[in-house]
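Below is one structure, written out as structure tokens; the observations come after it.
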Amino acid sequence: MIWRVRRVLTGHDAQGRSTFIADGPAPNVKEMSAMPGLVLTDLWETRGAPASNAGQDDAASRPVHLEPPKNGTILRIVEFPPDSAWRKSADAKAAFASIGAGGAPDHESGDAMMHATATVDYIIVLKGEIWAILDKGEKLLKQGDILIQRGTNHSWSVRTKQPCVIAAVLIGAKPAGRLARKQTVRRRPARR
């Protein structure tokens, strides 16, 4: 069952006074057909820094994509089902492609869900528990725990029978680790 989020959005009226401009279920929800039960709900996106607070447009009214624009941010809720519901049947390649992230997966990893992004992510566990898996180790995160992820190669695992819901703030960053190495290899001049 999809964990629906109430999103309350503020703005300014024509006279510059603060006002509520939206209040209801977050409309931008993507259930990943290639990963049954995995649901992304994008609440807001900024397209640069400093962010603009002008206008009344819904900045999350666009297709769901994995990473924010350069120097931008995404506020997202992710619902992860138990591993038993999806891990063995997931099509990682199709899932990442469906959110514009065909280059994110680490194809050298034995974990098809291992991936990296050029972001700093603030991850807050809202419900349940989840394992954060890195190249070297893993940690159990429980409700109320916060993970600050800095462009690392990572995967997720829910080893209980209950889903886990996290809030994530993704902030565009310079590539690090595997992604930085990929960029360095691409930039090297051809040998003569």
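With a Cα-only, solvent-free Debye model of the stretch 61-170, what are the log10 I(q)/I(0) values at q = 0.20 Å⁻¹?
-1.22
Using modelled backbone amide H atoms (1.01 Å from N, in-plane), which distant-in-sequence or interchain residues come within less than 5 Å of A22's amide H?
L9
Specify which residue in the list L38, A22, H107 is farthest towards the positive end of the charge dipole of the stretch 1-153, using unit charges on the beta carbon of Lys, Arg (+1) and Asp, Glu (-1), about the Cα centre.
Among L38, A22, H107, the one farthest towards the positive end of the dipole of the stretch 1-153 is A22.
Which net charge results for the neighbourhood of L9, defined as the other residues with beta-carbon distances under 14 angstrom from its beta-carbon, given Lys and Arg at +1 and Asp and Glu at -1?
Details: positive: R6, R7; negative: D13, D23, D42, E45, D57, D58.
With Lys, Arg at +1 and Asp, Glu at -1, the neighbours total -4.
For the stretch 1-132, what is one quarter of the convex hull surface built on the Cα atoms, given in nm²? Intermediate results must be reported in sequence, preceding the final value.
Working: hull surface 36.2 nm².
The Cα convex hull of the stretch 1-132, projected and averaged over all directions, gives 9.1 nm².
State to the nearest 20 debye the size of the charge dipole of the chain about its Cα centre, where the only charges are +1 on K and R beta carbons and -1 on D and E beta carbons.
Working: 28 positive and 19 negative charges, 188 e Å.
Here the chain has a charge dipole of around 900 debye.
What's the carbon and sulfur percent of the stretch 1-157's accessible surface, probe 1.4 angstrom, rounded to a whole number?
Details: 4740 of 8800 Å².
Result for the stretch 1-157: 54 percent of the exposed heavy-atom area is carbon or sulfur.
Residue by residue, what Karplus-based ³J(HN,Hα) values in Hz, rounded to whole numbers, does the stretch 164-169 have, using 6.51, -1.76 and 1.60 with θ = phi - 60° and x for Gly and Pro?
10, 10, 10, 9, 9, 10
How would you rank 29-39, 82-92, highest first, on the average number of other Cβ atoms within 10 Å across their residues?
Working: 29-39: 17.1, 82-92: 15.2.
Averaged packing, sorted descending, gives the order 29-39, 82-92.
Per the helix-only calculation at 222 nm, which mean residue ellipticity applies to the chain, given -39500 (n - 2.57) for every DSSP H run of n ≥ 4 and division by its residues, nearest 500 deg cm²/dmol? Working shown, then result.
Details: 3 runs with 22 residues, N = 192.
Helix contribution divided over all residues of the chain: -3000 deg cm²/dmol.
I'd like the projected area of the stretch 142-186, averaged over all directions, using the convex hull of its alpha carbons. Report it in nm² with one decimal.
On the way: hull surface 17.1 nm².
With every direction weighted equally, the projected area is 4.3 nm².
Suppose a student asked you for the relative contact order of the chain, using Cα pairs under 8 Å spaced at least 6 residues apart; what percent would you report?
Values: 421 pairs, mean separation 38.2, N = 192.
The value is 20 percent.
Rolling a 1.4 Å sphere over the protein heavy atoms, what is the accessible area per residue of the chain, to the nearest Å²?
On the way: 11530 Å² over 192 residues.
Each residue of the chain exposes 60 Å² on average to a 1.4 Å probe.
Run the reach check for K161 against aspartates and glutamates, Cα to Cα strictly under 15 Å, same-chain hits fewer than 8 apart removed. What comes back?
E79, D83, E129
Using only the Cα atoms of the stretch 9-71, build the gyration tensor, take square roots of its eigenvalues as a ≥ b ≥ c, and label the shape rounded, prolate or oblate: rounded if a/c is under 1.5, else prolate if a/b is larger than b/c, else oblate. Let's see the in-between values first.
Details: a/c = 4.06, a/b = 1.73, b/c = 2.35.
It comes out oblate by the Cα gyration axes.
Cross-link partners among lysines for K93, C-alpha distance below 18 Å, same-chain residues fewer than 8 apart left out?
Qualifying lysines at Cα under 18 Å: K30.
The values are calculated or read from the model by the stated rules, or taken from the named source; none is laboratory data. Given the structure is predicted, the values throughout are model-derived calculations rather than measurements. So basically every Cβ, Gly included, is an ideal-geometry build from the backbone, and we count neighbours across all protein chains shown. When the accessible area is computed, the model is the full protein with side chains, heavy atoms only, and any ligands, DNA or RNA have been set aside. Shrake-Rupley method; radii C 1.70, N 1.55, O 1.52, S 1.80 Å.
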